[in-house]
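Single-structure report; data block below.
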Amino acid sequence: MKRHNQNFLLYIIIVIIPTLISLLYYFNKAIDLDNHERKEQARWVASIHQKSWDQFIAETVTSLDILAITAETVAQTPEKIEPLLLKTHWKDPRYGGIYLLDPNGTVITGSNSFLKDSNLSENEYIKEINRTKDLIISDHQETLINGQKVIGVGKPVLDKKGQLVYILIAHLRVDYVQNIMKVLTPDTKLSVTNPTGAVIMDINIDGTDELSKDHSISIPIDRVPWNIKVEVPKRNINELIKNAIMIIIQIIFAFHILFLFIKYLMLKRQAAKEKKENELQKLELVGTLAASTAHEIRNPLTGIKGLVQLLSEKYTNEQDQYYFSVINDEINRINEIVSEFLILGKPTAQKTEIMDLRKIIIDIEPLIISEANLNNIKYQSIIPDVPLLIDCTKDQLKQVLLNLTKNAFESMQAGGLLTVKLIELPNKCHIKITDTGIGIPDEALEKIFQPFYTSKEFGTGLGLVVCKRIIQSFGGEIHLTSKVNKGTQVDIFLPLKKND
């Protein structure tokens, strides 16, 4: 039940919460991106109509400029310009009419009779032409007597002294302009507004619609002081939902993979921890059993050894002495195994002392050299000149080093090289023991520090376990690396003591 709750909590932390946060982040980004894309689309539509209007106004101004030049040449007989006005009007469907006015705003002639004898002096753009003597475009629609809606464009005709002689007026048909704009973007709602924000004309907008500032894009027309106002397209909810579902699936899938990976790592770590705990429990159990057994063995063994000693003194025959020597050797072997059993037991208070590691090596070198000579093995040691002080039990450390060198000799049956090297490191010393023996396979290397594991025919499987226990009791570490047919290296690290 507890593990189930832990798994559920882990699932919430790794999958549920990150998924919700990721989805919230995605939706915010998706909404922002969608808003940006829709605004850019509206701005693109507005730019199309902006260019169209600029071209449209430029063509109209060019036509009025040509007519103005003609009007200057016939200033004394303005009725002569009427055919040209008619021709320009009927040639270009954009016009609702083209008229020539006197400076007071009275219509002199035109391409039709809708404004015959009319006076347009009250129109704001006519007043503006009189005041500025420049081309002016009306900022509102006018309705002719035939019901046609137009926008006026006025061009002054000046004499050589810069005095106003006539005013040319062109009425642009609103319906014509609207049709052009509908053809360019048939489904877009837009409007043309003057500088005050008043609507000059609407496209695809019914009487109830209104383009709000928050839902539209407005850009100015270069040639006239108007703005193109375009509705921002509505959000495509279905597309957003479709994309969101795909993203949700991907996010959930990704976080589930992450959850399974973390769960795998946790299980692997838990398995390693349990394995280590099992090894420690097994070693503790073996140590307790070994220690109790060792004590039980040593008591009768002492009596046996004493009796054998007495018998050896009584029976002095050479053959009997040979048997007694064999019995003594085997008793000594049993004693060695029992001593290793005792070390496997629970740690007991040890009497340690500060020793120079160099001296310990030098003390055991005669034994190592003797064994090396017997096995046709070359031995070399590399020892620094400065003292390497460590806190240890001298005899136990000697036991470790002799055990390791013995293993090295046994791996070099055909001769080789054994090297013992002492290295001073910051706060610790390094004992490196290398041989050129047959090496240890990888599968065996993982088990060498397990109790009772041995590859020797008559080994107990306790030697390296005892070595590790002794080194750890001194606060050190032991590591072993090996390559088959190349040799083995043992690295021992022990903490250094200050030389007071």
- Message: I need the full set of residues from segment 21-46 which are open to solvent by 30 Å² or more (accessible area, probe 1.4 Å) and among the small types (Gly, Ala, Ser), in order please.
- Response: Ser22
- Which members of segment 289-301 meet the condition of being at pLDDT 70 or above and open to solvent by less than 100 Å² (accessible area, probe 1.4 Å)? Ser292, Thr293, Ile297, Arg298, Pro300, Leu301
- Message: Considering only residues that are touching a residue at least 40 places away in the same chain (Cβ under 8 Å), open to solvent by 10 Å² or more (accessible area, probe 1.4 Å) and part of a helix (DSSP H, G or I), which ones fall in segment 390-403?
- Response: Lys394, Gln396, Gln399, Asn403
- Does segment 205-219 hold any residues that are modelled with pLDDT under 80 and either in a strand (DSSP E or B) or out of contact with any Asp or Glu (no Cβ under 7 Å at 6 or more places or on another chain) (or both), and which are they? Ile205, Asp206, Gly207, Thr208, Asp209, Glu210, Ser212, Lys213, Asp214
- Task: Could you check, for segment 461-474, whether at least one of its residues is touching a Lys or Arg at 6+ places or on another chain (Cβ under 7 Å), among the β-branched types (Val, Ile, Thr) and either at pLDDT below 90 or in a strand (DSSP E or B) (or both)?
- Result: no
- Message: Yes or no: segment 158-171 includes at least one residue that is farther than 21 Å from Ile69 by Cβ and assigned by the TED database to the domain that holds Lys213.
- Response: no
- Message: Residue under question is Arg269, and the condition is that it be open to solvent by 80 Å² or more (accessible area, probe 1.4 Å) and either at pLDDT below 80 or over 60 Å from the mean Cα position of the chain (by Cα) (or both); does it hold?
- Response: no
- Item | Odd one out for Ile108 among (1) part of a helix (DSSP H, G or I); (2) more than 30 Å from Asn179 (Cβ to Cβ); (3) of a type outside the set (S, T, N, Q) | (1)
- All-but-one check, Gly97 against (1) at positive phi; (2) modelled with pLDDT under 90, failing number (2)
- Which residues, taken from segment 170-194, are charged (D, E, K, R), outside any strand (DSSP E or B) and surrounded by 15 or more Cβ atoms within 10 Å (Cβ to Cβ)? Lys189
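Residue-by-condition table, conditions (1) assigned by the TED database to the domain that holds Ile478; (2) more than 19 Å from Lys486 (Cα to Cα); (3) in contact with a helix residue (DSSP H, G or I) (Cβ under 6 Å, 6 or more places away or on another chain); (4) surrounded by fewer than 16 Cβ atoms within 10 Å (Cβ to Cβ):
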residue	(1), (2), (3), (4)
Asp356	yes, yes, no, yes
Lys359	yes, yes, no, yes
Lys378	yes, no, no, yes
Leu388	yes, yes, yes, no
Pro441	yes, no, no, yes
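The values are calculated or read from the model by the stated rules, or taken from the named source; none is laboratory data. Being a predicted model, the structure only gives us computed values, none of them experimental. Cβ atoms come from the backbone with ideal geometry, glycine included; neighbour counts cover every protein chain shown. Keep in mind that these areas ignore ligands, DNA and RNA; they rest on the heavy atoms of the full protein, side chains included. Shrake-Rupley method; radii C 1.70, N 1.55, O 1.52, S 1.80 Å.
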